[in-house]
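Shown next, in structure tokens, is the structure this report addresses.
The values are calculated or read from the model by the stated rules, or taken from the named source; none is laboratory data. Quantities reported herein were computed from a predicted structural model and do not represent experimental measurements. Because the Cβ atoms are built from the backbone with ideal geometry, glycine has one as well, and the counts that use them run over all protein chains shown. The protein model used for the area step is the full one, side chains on, heavy atoms only, and it has no ligands, DNA or RNA in it. Shrake-Rupley method; radii C 1.70, N 1.55, O 1.52, S 1.80 Å.
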Amino acid sequence: MSVKNQPNKKRRVGVLLPVPLGGAYDYALPEGVSDIAAGSFVRVPFGRRQMTGVVWKTDLSGEGRVDDEKLKEISEIYPFSPLDAENRRFIDWVASYTMSAAGAVLKMAMSIDDVFSGVGETEGFAKNEGAVPVAGFRMTPAREKLLAAASAVPESAAALARKAGVSASGVQALFKAGLLRKEKMMPETFETPNPAFGGVVLNEEQQKASDFLKSKINAGFSVTLLDGVTGSGKTEVYLEAAAKALECGRRVLVLLPEIGLTGQWVERFRRRFGISPALWHSDMGAKKRRETWKAVLDGRIRVLAGARSALFLPFSDLGLIVVDEEHDASYKQEDGVIYHARDMAVVRAKISDVPIVLSSATPSLETVANVNAGRYEKAVLHNRFGAAKLPDVRLIDMRRDPPEDTASLKSFLSPVLLEHIKNTLFRGEQSLLFLNRRGYAPLVLCRKCGYRFQCTHCSAWLVEHREAGRLECHHCGYSVPVPEACPVCGETDSLASCGPGVERISEEIQVRFPQARRLIVTGDMTSSPDRLNEAMRRIRDHEADIIIGTQILAKGHHFPDLTLVGIVDADLGLAGGDLRAGERTYQMLSQVAGRAGRADKKGLVLMQSYEPDNAVISALACGDAQAFIQAETESREAFHMPPFGRMAALIVSGEDRSTTEQAAYSLGKSAPYMQGVRVLGPAPAPLALLRGKYRYRLLLQTERNVRIQNVLSEWLESVKIPSSVRVKVDIDPYSFF
Ligand code: ADP
Ligand code: ZN
């Protein structure tokens, strides 16, 4: 029987809350409200607080999980557009695929807890300068702070409260006393991009690719790999497709790796569309976040470029999604809801029935396999734009041309590389030395007793940072000052730094080329886009001759005077030996190599390697991408590895070693045993101790046609895990630590 027909029964709906606790909760509609749209944003009592959630189910007849007497009422219905069905389906889909609670995914979609405080209010409070309070008004310290926070520009009560660091309750009193006045607030405006503003004249192959991508706009779901060497104009090409989508009145979402959101990309966008795009990244303030989120919900943002979390913004009427640098590892989120933004973006496109473009110079094996299987289409750019030529790549066999130490210097650069750096300096051009390792040295030990400095919370060596004078753990951030003496044997002057980090390479350069201007660029700078942009500007404006940097320099930047790239340790990434070590090394090194000679000057890449015969290294040296992908694909296929089979990791962690170990072993004992399914482990994780937690790993491998989530949930349900132990599920794992 329908609830509506029972006048004395409350109308019941399911409200999903942004908490990692399972599904929707039952609530009653408020008195006098007879109906509500699915997707409506509502405020509800939850435990002892109020929380904002989304109406997930509007018809719960016969499904009630709470007695009528205990059923709580929705306290407020926000006057916003509801979260549309596509967004809701997407959230449910991601939750089910990643085996997370739908509420945890909703939390990502609502971005920040108080996304609703203050936004959407049309009137705010401004200060009545010089006003005298009405009689009977009592000033309190909290009210004083609120008044001091107010200005001539109207702001919401919540915003004033946040600024003042007190509750908003005094705002009304100040208003009634005449000290504040109410005034209309203008919502933050986002400029409208003009698809006809600019645009370059495309060359023939660019035009072909652009026409192909444009033909996909307004034509339903499709996935296209835009495969083009670095500098071939992929950005220009996909911006044309974005322009077409805009002309059709649709919205465009561009996902970029976090560090791709730099001034350079924004500048390109501005040249094409006349305005800056709306941005979404981890470094935004709470206010900007709220404004942007709300503007997306209202459809006031036409194009947004963002890091992976932008995928969960509440877009309606999407017309195109672009994933730039689709192979990039930063698209995988490793904590909370563990997901891969590229793969989920494809799902988002499918649900919204729109095209998606995956752009890369070094596409992932997953994407290549999807192209080969006919699931994805492909547009190719073979040549660098204009006069720019791909650089020559040469190998330095470090066994034949080893670095030559001097009396006072341990050297890491081969004489061959040093000679080229010298010539590049002489020509007034720039060199980039690439080493994907921050700090001075990855290990410090005592020469007398052999003691190695290790993190107390992780099974990892402490990395020496000489400029900061500290030993630092790169996993948990723990650090100590570099000691004078060995803490074990007490010997002084016995500590030795082993191996190089970028600081040490910089030191060698200083000794060898004292006149050259050096610049170190590392991931430490990603915490501040301004610092990173400033470093990029200094390189572009040739304020440095030799740049020493980590992978942060590998991505999409144009440095016209940069003609030499030296890869200090090409073998470094291969050591880990996990599934994608070869692929990742290949991608990273080709991206770095792509920095050389991007203008009219020809570039040279020199790779230092002790294993020149390694398949990855030799493929890079002869520029034979196809051969590498082919070999890698064949070996993955032979071993049923992704993308030819499915994989999921279980990471079992806890503070007590033996409880954690036992939990891991009981999971191992009840591992599923069936056709097409295989379980490896448990084994201590390579990082067996991380942030004070002991860690064990199990790996589940299945054939492609097995629904791995079903196998996993049955398995996990069959084992009782103590509450002090956490089991993290990682579908399609990328990290094996
Ligand atoms: P990719 O993304 O493939 O690395 P980009 O789109 O960054 O390549 O293009 C490389 C450089 O060449 C950029 O500075 C871009 O503005 C320029 N460029 C590419 N195509 C054209 C074109 N048709 N006309 C003018 N400049 C172009
Ligand atoms: Zn640590």
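Before moving on, here are some points about what is shown:
- Mean shadow area of the range 280-398, taken as a quarter of the surface of its Cα convex hull (nm²): 11.7
- Put a plus charge on the Cβ of each Lys and Arg, a minus charge on the Cβ of each Asp and Glu, and nothing anywhere else: the dipole of the chain about its Cα centre is then about 1580 debye.
- In the chain, a dipole from Cβ-located charges (positive for Lys and Arg, negative for Asp and Glu) runs towards its positive end, and of Trp56, Ala581, Val729 it is Trp56 whose Cα lies farthest in that direction.
- Restricting the calculation to alpha carbons of the range 418-472 gives Rg and Dmax of 16.8, 49 angstrom.
- Degrees separating the helix 529-540 axis from the principal Cα axis of the chain, which is the longest one: 30
- For Leu395, the residues whose amide H sits under 5 Å from its own are Met607, ignoring neighbours fewer than 5 places away on the same chain, with H placed 1.01 Å from N.
- Cα-based shape type of the range 246-292, given that a ≥ b ≥ c are square roots of the gyration tensor eigenvalues and the cut on a/c is 1.5: oblate
- Site pair Asp530 and Asp613 shows an inter-label distance of 5.4 nm when each label is modelled 7 Å from Cα along Cα→Cβ.
- Using a simple spin-label model with pseudo-atoms 7 Å out from Cα toward Cβ, Arg537 and Glu73 lie 5.7 nm apart.
- If you take the alpha carbon atoms of the range 79-231 and fit the smallest convex hull around them, that volume is 229 Å³ per residue.
- With R₀ fixed at 30 Å, the C-beta to C-beta distance from Ala631 to Ala219 puts the FRET efficiency at about 0.25.
- Restricting the GluC sites (Glu not before Pro) of the range 385-480 to loop positions (DSSP other than H, G, I, E, B) with no more than 14 neighbouring Cβ atoms within 10 Å leaves Glu404, Glu467.
- Using θ = phi - 60° in the Karplus curve 6.51 cos²θ - 1.76 cosθ + 1.60, the 3J(HN,Hα) couplings for the range 343-349 round to 5, 5, 5, 5, 5, 4, 5 Hz; x is entered for Gly and Pro.
- The range 151-220, dipole about Cα centre (Lys/Arg Cβ +1, Asp/Glu Cβ -1), debye to the nearest 20: 540
- Built amide H within the under 5 Å cut-off of Val463, gap 5+: Glu472, Cys473, His474
- Under Karplus coefficients 6.51, -1.76 and 1.60, residue-wise ³J(HN,Hα) of the range 71-87 in Hz, glycine/proline x: 4, 9, 9, 4, 8, 7, 10, 6, x, 9, 4, x, 6, 6, 4, 5, 4
- 5 angstrom amide H check on Tyr25, placed H, neighbours 5+ away: Val15, Leu16, Leu17
- Nearest-0.05 FRET efficiency for Arg270 and Glu404, computed from C-beta distance (R0 56 Å): 0.70
- Global form of the range 450-504, assessed from the alpha-carbon gyration tensor, a/c cut-off 1.5: oblate
- When each of Lys57/Lys350; Lys234/Lys350; Lys57/Lys216; Lys422/Lys601; Lys10/Lys287; Lys163/Lys294 is checked by Cα-Cα distance, pairs over 27 Å: Lys57/Lys216; Lys10/Lys287
- Partners for Lys107 among aspartates and glutamates (Cα-Cα distance below 13 Å; same-chain residues under 8 apart left out): Asp92
- Relative to its Kirkwood radius, the Cα radius of gyration of the range 326-451 gives an Rg/Rh of 1.12.
- Here is the tail figure for the range 220-365: Cα pairs spaced more than 22 Å apart come to 34 percent of all pairs.
- Calculated FRET value between Val134 and Thr189, using beta carbons and R₀ = 56 Å, to 0.05: 0.95
- Cys residues of the chain that find no other Cys beta carbon under 4.7 Å: Cys248, Cys476, Cys498, Cys622.
- Extension gain, Arg48 to Ala468: 0.36 nm times the residue separation minus the Cα-Cα distance gives 146.6 nm.
- Restricting the calculation to Cα atoms, the range 498-594 yields a radius of gyration followed by a Dmax of 14.1, 44 Å.
- Rounded to two decimals, the Cα-based Rg/Rh of the chain, with Kirkwood Rh, is 0.99.
- Computed over protein heavy atoms with a 1.4 Å probe, the carbon and sulfur contribution to the accessible area of the range 635-701 reaches 53%.
- Shown in residue order for the range 601-618 are the 3J(HN,Hα) couplings computed by the Karplus curve 6.51 cos²θ - 1.76 cosθ + 1.60 at θ = phi - 60°: 8, 6, x, 10, 10, 10, 10, 7, 8, 9, 10, x, 8, 4, 4, 5, 5, 6 Hz (x for Gly and Pro).
- Between the C-alpha center of the range 481-501 and that of the range 666-705 there is a gap of 38 Å.
- Computed [θ] at 222 nm, helices only, for the chain once each DSSP H run of length n ≥ 4 contributes -39500 (n - 2.57): -8500 deg cm²/dmol
- Solvent exposure of the chain as accessible area per residue, Å², 1.4 Å probe: 45
- Rounded, prolate or oblate (a/c below 1.5 giving rounded, otherwise prolate when a/b exceeds b/c) for the range 551-632 by Cα gyration tensor: prolate
- Label-point separation, Val66 to Asp353 (7 Å along Cα→Cβ), nm: 3.6
- Bins of 5 Å, starting at 0 and running to the largest distance - Cα pair percent for the range 676-737: 4, 14, 25, 26, 18, 10, 3, 0
- Taking the 1.4 Å solvent-accessible surface of the range 165-233 as the whole, the part contributed by carbon and sulfur is 56%.
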